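> I have a structure here, written as structure tokens, and I will follow up with some questions on it.
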Ligand SMILES: [Zn+2]
């Protein structure tokens, strides 16, 4: 065997056991005891996870008159150093373009740069009969999941588009994922706040209240139930929205939700940080209250929330300052791809909120299944891709922008102490990150043609 990870504790969504993992080429070829290989890594006292899968990132995203600070290289180096071996980004349709053209252009951007494997969710913004006809074609071409924005100028889709795409994706083994916020209501609230001179970052949160999310969640669920289609909510932030999801799941519908570490760990008090510091947390949906956090942690533990993603969309403080005069001009987004695993481990497993198996399930196995990557990715078994993370559960790290790899010049988690950190990341048999040093090459990552989704 080319590489053997010895004496580690293997963690999957269902098991925790001590064994060696043997790798030949890009695949796991043996799990057992006393394995030997050309290169051996001693993982005594360490956990061995399947590579993490972040189904929600935005590298080099043009937004609000600027472009998110990480390109596909920077962003995937950061991901790798945070234990993430697969990302799914978006190919957002420009007006008048076909989905095929959109995806081709996005791949041309990503392919030379990506350091880990990646997939794309086509995002429909300009719906026509031709675009609808492309939905099954995209699924067949390895992109079974579609993003629809229910908000944002230029991107927001109407209910007819949402209904028709749900039908078409659902009927062909695909799935629609939505950004759920009521566009017209929040536009009204924004205008009212700005007219009252309420322009500071804090009013970003006030302009997008929880019921704005909850209404959109409820509406999308109605269309999903009527079309009998699976539906995924990106970055769910509120208890009010979660309640509609739980109710639909209790009725037996395949409704899925992702939340992000920022909604699990931060609250809207952050918007009051001095010196325009609140802008760091301007993202949509906005940070919520402690009661929302509690509901989200509970949903993650009980299974009503199935996935954690990062919504990694970093901007530098200089970029954030585009909105110094008024919060509506602050580019929306924050970095997170590199910190999700250590935070989820330390705050989730370390504090008894979720089990070790559940951590692997929500950040690897479930995204693999829901997004058509399973079983090649998302678990540790003979025959699967050798995407692995060696994780030191005892390593104590103070999160700081100084020791992260992304290009944003701040992290929302600055100064937060975590116990447990990824130490080695392996992608298809290659050690690509070792103790914070990236060892891979730009362009080594591959576009993964994903399969039809597995309902979970
Ligand atoms: Zn996003």
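> Pull up the stretch 10-24, narrow it to residues that are assigned to a strand (DSSP E or B) and touching a residue at least 40 places away in the same chain (Cβ under 8 Å), then point me to the one that is farthest from residue 382 (Cα to Cα).
Across the stretch 10-24, the extreme among qualifying residues is 16.
> Hey, which of the strands (runs of 3 or more DSSP E) in the stretch 124-233, taking only ones fully inside, have at least 2 residues that are within 24 Å of residue 96 (Cα to Cα) and touching a strand residue (DSSP E or B) at 6+ places or on another chain (Cβ under 7 Å)?
145-149, 175-179
> Among the residues of the stretch 251-282, write down those that are under 15 Å from residue 306 (Cβ atoms) and surrounded by fewer than 20 Cβ atoms within 10 Å (Cβ to Cβ).
Scanning the stretch 251-282 gives 253, 254.
> Residue pairs, Cβ under 6 Å, 6 or more apart or interchain, first in the stretch 320-338 and under 13 Å from residue 409 (Cα atoms), second within 12 Å of the ligand (Cβ to nearest atom) and not in a loop (DSSP other than H, G, I, E, B). List them.
What qualifies is 335/312; 336/312.
> Could you check the stretch 38-115 for strands (runs of 3 or more DSSP E) lying wholly inside it with 3 or more residues that are more than 16 Å from the ligand (Cβ to nearest atom) and buried (at least 17 other Cβ atoms within 10 Å of the Cβ)?
In the stretch 38-115, the matching strands (runs of 3 or more DSSP E) lie at 47-50.
> Which one is farthest from the chain's Cα centre (by Cα) among residues in the stretch 239-263 that are within 16 Å of the ligand (Cβ to nearest atom) and either part of a helix (DSSP H, G or I) or over 21 Å from residue 121 (Cα atoms) (or both)?
Checked the stretch 239-263; the qualifying residue farthest from the chain's Cα centre (by Cα) is 241.
> Enumerate the pairs (first residue in the stretch 51-62 and more than 17 Å from residue 262 (Cβ to Cβ); second residue anywhere and within 13 Å of the ligand (Cβ to nearest atom) and part of a strand (DSSP E or B)) with beta-carbon separation below 6 Å, excluding pairs fewer than 6 apart on the same chain, so at least 6 apart or on different chains.
Here the result reads 59/89, each pair linking the stretch 51-62 to a residue that is within 13 Å of the ligand (Cβ to nearest atom) and part of a strand (DSSP E or B).
> Take the stretch 283-314 and flag every residue that is crowded, with 19+ Cβ neighbours inside 10 Å and out of contact with any strand residue (DSSP E or B) (no Cβ under 8 Å at 6 or more places or on another chain).
Hits for the stretch 283-314 are 285, 286, 287, 288, 292, 293, 295, 297.
> Follow-up question, since we're still on this one. Please determine, by comparing only the residues of the stretch 321-345 that are in a helix (DSSP H, G or I) and within 18 Å of the chain's Cα centre (by Cα), which one is farthest from the ligand (Cβ to nearest atom).
Among those that are in a helix (DSSP H, G or I) and within 18 Å of the chain's Cα centre (by Cα), it is 345.
Yes/no matrix, rows are residues, columns are (1) assigned by TED's automatic domain parsing to the domain that holds residue 179; (2) in contact (Cβ under 8 Å) with a residue 40 or more places away in the chain; (3) under 26 Å from residue 368 (Cβ atoms):
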residue	(1), (2), (3)
268	yes, yes, no
279	yes, yes, no
290	yes, no, no
302	yes, no, yes
305	yes, yes, yes
308	yes, yes, yes
313	yes, yes, yes
317	yes, yes, no
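The values are calculated or read from the model by the stated rules, or taken from the named source; none is laboratory data. Worth saying up front: this structure is predicted, and the values here are computed from it rather than measured. All Cβ positions, even for glycine, are placed from backbone atoms using ideal geometry, and neighbour counts span all protein chains on display.
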